[in-house]
Structure formats: structure tokens, C-alpha cells
1. Select from the chain the helices, each a whole stretch of DSSP H, whose alpha-carbon atoms run 15 Å or more along the helix axis and whose Kyte-Doolittle mean is at least -1.0; answer none if there are none.
2. Give the peptides 106-116, 78-88 in descending order of average Cβ contacts within 10 Å, highest first.
3. Can I get the semi-axes of the chain's equivalent ellipsoid? Compute them from the C-alpha gyration tensor as square roots of 5 times the eigenvalues, in angstrom, largest first.
4. Set the Förster radius R0 to 22 Å, insert the Cβ-Cβ distance between residue 138 and residue 65 as r into 1/(1 + (r/R0)^6), and round the FRET efficiency to 0.05.
5. Amide H neighbours of residue 42 under 5 Å, at least 5 residues apart or on other chains, H built in the peptide plane: list them.
6. Do you know the relative contact order of the chain, to the nearest whole percent, from alpha carbon pairs under 8 angstrom that are 6+ apart?
7. Would you look at the GNM of the chain, springs on alpha carbons closer than 10 Å, and say which of 11, 21, 54 moves the most?
Amino acid sequence: MMSKTLYIIRGLPGSGKSTLGEKLADSYMDYHPELGGTQHYSHAADDWFTDAQGNYNFDPEQLPQAHADCIERTAKAMAFGVENVAVCNTFSQRWEAEPYLTLAKKLDYQVVIIECQNNFGNIHEVPQQSIDNMKSRWEPLII
């Protein structure tokens, strides 16, 4: 029987979550005329704010939709039976991971939680005050 794994990758902006997620998640070829090339079963709420040309346009009012879309894309990959799926969000508090933990239990995925603590630079230009707020509400994520 194939072992299926959901990687929950958490950390502050710039800690390397997405890069690690792409390395751990399975990939597939997508021949979309604009996106093309290899796509990964690595999902993040930030994907919502990134257009086909790779431009990042954050709008805080769209955060609920961004997270709902991330959960939906992750759920589709898991329902399809993808062996290695990654979700890369800040996950500063446990409740933020709950929908993914519920999916993993329902669809028989082993959960691996990884906390990135590196600092590779803030590519999305998140204001320092926002990062400080994330740090102040950080809590251990225990399954």
C-alpha cells in the first residue's frame, strides 16, 4: 500500500516554505499555454495573489478567498491520491492548520509538520510590523 504524506510547512515570510514545499511535493507536467512546464502539488495562500506572469499583488481583503482556494486545491490533490502534497503557509496558530489536519485524517494521509526558521529575504515585501505581529502570536503546532 502506498504511503501518502501531507507536508504542512510553516514559518514566517522569507523562511523558505515554498522552496521546500516544491522539493517535497510530487510534480506533474502542465502544458497550459501560459503556465507550461512542471507544476508542483505544493500549495500556498500566496498563490492566489500571483498572476500568470509571476507578479505578486497582495490584497488583504482577499485573504479569506486565498485561504479557501489553498484548502480547495490541496483537497483536490489529496482526493486524487497524490502521494506527496505540501501546503506552505505561515500557520502561526494551530487553528489555521485544522482544515488540513481534518483532510489528512479523512483521506488517510500521514502528516509531517515542518517549521522553517531560515531567513532568505522577504520576496513579497511583507511589512516588518506584519511579521512582528505573526511572531507575537506564534504557537507550537501539535497534532
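1. On the way: long enough: 63-80 (26 Å, 0.01); 94-106 (18 Å, -0.97).
Both cut-offs are met by 63-80, 94-106.
2. The most tightly packed comes first, giving 78-88, 106-116.
3. Values: eigenvalues 104, 81, 37 Å².
Value: 23, 20, 14 Å, ordered largest first.
4. Working: r = 24 Å, r/R0 = 1.11.
The computed FRET efficiency comes out at 0.35.
5. 86
6. Working: 230 pairs, mean separation 57.7, N = 143.
That works out to 40 percent.
7. Top of the fluctuation ranking is 54.
Read the figures in this text as sums done on the coordinates, not as results from a lab. On a predicted model such as this, the values are computed, not experimentally measured, just so you know. A quick note on method: Cβ atoms are made from the backbone with ideal geometry, for glycine too, and the neighbour counts reach across all protein chains shown.
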